[in-house]
Amino acid sequence: MEKTKYTKQFLILSVLLIILFFLNISFGSVSIPFKAIFNSIFGGNITKESWETIVIHFRVPKAIIAVLVGSGLSICGLLMQTLFKNPLAGPFVLGISSGASLGVALLILGSSLFGGFFLTNTVSNWSLPMAASFGAILVLSAVITAANKVRNTMSILIIGLMFGSLTAAVISVLTYFSEATQIQQYLFWSFGSLGNLSWSEITVFAIIYSIGLIGTLFVIKPLNSFLLGEDYAKSLGINVKRSRHIILLITSILTGVITAFSGPIAFIGLAVPHIARMLFSSSNHKILLPAVAIIGALVLLICDSIAQLPTSEFTLPINAITSLFGAPIVIWLLVRKKKIFV
Amino acid sequence: MGENGIGKSTLLRTLSKVQKPLSGTIFIHQKNIEKITEKALSKQVSLVLTARLPESQLTVYELIALGRQPYTNWIDKLSPVDIEKIATAIRQTEIEHLINNRFYELSDGQLQRVLIARALAQDTEMIILDEPTAHLDMHQTLKIFSLLKKLVATTQKTIIISSHEVNLAIQLADEIILLTPNTLLTGTPKKLMETNAFDTLFPKELVNFNKTLQQFVIIKS
């Protein structure tokens, strides 16, 4: 019953996803004919070698990252909204993003403060993700330790927000004592970026992402029982505490790796679950989870394509685009539908 | 039964292991409830609570199907047995016409029947309901009580409810537990009436238990 009902939506979304994936690859500062793009991916004859390099080493990785980041953040948003029974929750409520920001801020801004502590002032490809992950894990473990002492999920939410404020304050202090060039460098990281990742980085990204994704399959059942509230979940034989920990762990792994590699990308995690619930008018996680993943990938591919501004030389910060185009859409959807759900 | 704040909900929540006992131990079939895993207990005791459900777009059918979670596999796939049990629960509570609705569209009375159906689908010996008629008008209250009475007769389940519907409980219950500030009185309604147990339920200034009418009456000054 439930499968046939949603097949059409899933089919349309999947086709859209494939189309947008290739459309995204065809956009960029260098205009490349579609045929050349197709050939460079599937190994045909290419008239210019530079085209192949651009496609294989820049555009395809970026499109793949967009799919991973978009779907990953959206899944995290869905998990958090169901866990906290709060439609405003998102992947960043647990202080993960602020933790990552703190790590990066310490690396970039703190280097002038602590001088020799960091060996060089130059920030390599790997040190940023490392610092971000380290910060995320640090703040998150603080949040989870605090969360273990409280029973109420709402308190965990507030504790997460408080840690967010704390780290933001520390970053402000760091910024105050930093030089303009370093502040600029930090600011660029906080704009978010899907590009500039090598294939080896993508492999690491994809492996961690897959671990998180497999984990979510195992929490579909507890998530559905959480729709009735934790008391009912418990009476249905669900180990509420363990499920909550697994959900928090999955979210931190996914959000942590995403933030580490592409910066704090706003809006997607909060908004996509709402879009999915409206399109599918369901709260069943067996339907929502794949829906949210596909829509999340779609939305970020669209945002990235807009950020490229076809045929223009500039690339706008992805973080600005997600909010600039996404927020009005969600407002419009909510005003039209009037009712929001968890 | 008992006055507000006496601990009816606390007792029921403790019996169903939703919260830890303040003191003492609970046994189901001579087995300490603390030693029964949540999974095993979920096949013995099901719940209907008073608290409002979090807002979601679950359909009535999906909501009832959640009652099968103790029996489904890791991905929560419904087996033919599960589907059969759900159908039986829907039939017993007479909500066939509602199953494709979203649960937030239902009236309080309909929702209560759906929640009872969910508990029935869980296929437990015991169903615990915390004030199942709290938000209902008299007609709906009577419908729920007669449904519960019918279920006890047809399914041989033990149904434990907390309620403020004293007059109805006296007529319909097989056994009543009266919680009073100092003691706990149990027995059939008849026996409790004979021992004037109901007089202890409320302070005497305002209401009085009238034995011939078998109900509480207001004292007119």
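For the protein assembly as shown, what does the helix formula give at 222 nm: sum of -39500 (n - 2.57) over DSSP H segments with n ≥ 4, over the residue count, nearest 500 deg cm²/dmol?
Numbers: 24 runs with 330 residues, N = 563.
Dividing the helical sum by the residues of the protein assembly as shown leaves -19000 deg cm²/dmol.
Straight-line cross-link reach from residue B:204 at under 19 Å between alpha-carbon atoms covers these lysines, not counting any fewer than eight positions away in the same chain: B:220.
For residue A:149, the lysines whose Cα comes closer than 17 Å to its Cα, not counting residues fewer than 8 places off in the same chain, are A:241, B:20. Across the range B:45-164, the convex hull enclosing all Cα atoms gives 104 Å³ per residue. In this label model, residue A:191 and residue A:239 are separated by 4.7 nm, measuring between points 7 Å along each Cα→Cβ vector.
Express the Stokes-Einstein translational diffusion coefficient of the range B:170-221 in µm² s⁻¹, to the nearest whole number, given a Kirkwood radius over alpha-carbon pairs, 20 °C and a viscosity of 1.002 mPa s.
Values: Rh = 11.5 Å.
Taking Rh from Cα pairs, D becomes 186 µm²/s.
Of the complete DSSP H runs in chain A, those spanning 24 angstrom or more by Cα along the long axis with a mean Kyte-Doolittle score not below 1.0 are A:2-26, A:60-83, A:127-149, A:153-176, A:199-218, A:240-262, A:285-308, A:318-337. Label reach from residue A:11 (point 7 Å along Cα→C-beta): in the range A:285-308, amide nitrogens under 19 Å belong to A:287, A:290-291, A:294-295. Highest GNM mean-square fluctuation among B:187, B:24, B:109, for chain B modelled with Cα contacts below 10 Å: B:24.
The Cα atoms of the range A:2-337 cover 65, 60, 36 Å along the three principal axes, with the biggest extent listed first. Along its three principal directions, the equivalent ellipsoid of the protein assembly as shown from the Cα gyration tensor extends over semi-axes of 56, 27, 19 Å, largest first. Dividing the mean sequence gap of close Cα pairs (under 8 Å, 6+ apart) by how many residues chain B holds gives a relative contact order of 22 percent.
Can you give the relative contact order of the range B:45-164 as a percent, counting alpha carbon pairs under 8 Å and 6+ residues apart? Before the final figure, lay out each step's value.
Numbers: 160 pairs, mean separation 41.9, N = 120.
Reported as a whole number, the value is 35 percent.
Its Cα gyration tensor gives chain B an equivalent ellipsoid, and the semi-axes of that ellipsoid, as √(5λ) in whole Å with the largest first, are 33, 21, 15. When the chymotrypsin sites (Phe, Trp or Tyr not before Pro) in the range A:27-66 are filtered for DSSP coil states and for at most 12 other beta-carbon atoms within 10 Å of their beta-carbon, no site remains. Here the dipole of chain A is about 1420 debye; that uses its Cα centre as origin and unit charges on the Cβ of Lys and Arg (positive) and Asp and Glu (negative). Measuring nothing but how far apart in sequence close Cα pairs (under 8 Å, 6+ apart) lie, relative to its length, the range B:1-116 scores a relative contact order of 23 percent. Among the DSSP helices (H) of chain B, those spanning at least 15 angstrom by Cα along their long axis with an average Kyte-Doolittle hydropathy of -0.5 or more are B:80-93, B:108-121, B:138-155; this is a geometric and hydropathy rule only. GNM on chain A, alpha-carbon springs under 10 angstrom: the most fluctuating residue among A:39, A:224, A:319 is A:39. GNM on chain B, C-alpha springs below 10 Å: top fluctuator among B:33, B:128, B:161? Judging by the Gaussian network model, the answer is B:33.
Within 10 Å of the Cβ of each residue in A:233-242, the mean number of Cβ atoms contributed by other protein chains is 6. The residue B:180 and residue A:148 beta-carbon pair, evaluated with R₀ = 56 Å, returns a calculated FRET efficiency of approximately 0.90. Extents of the range A:223-342, taken as max minus min of Cα coordinates on every principal axis and listed largest first, are 58, 36, 18 Å.
No lab work stands behind these numbers, since they all come straight from the coordinates. Bear in mind that the values here come from a model prediction, so they are computed numbers and not experimental data. All Cβ positions, glycine included, derive from the backbone under ideal geometry; neighbour counts span all protein chains shown.
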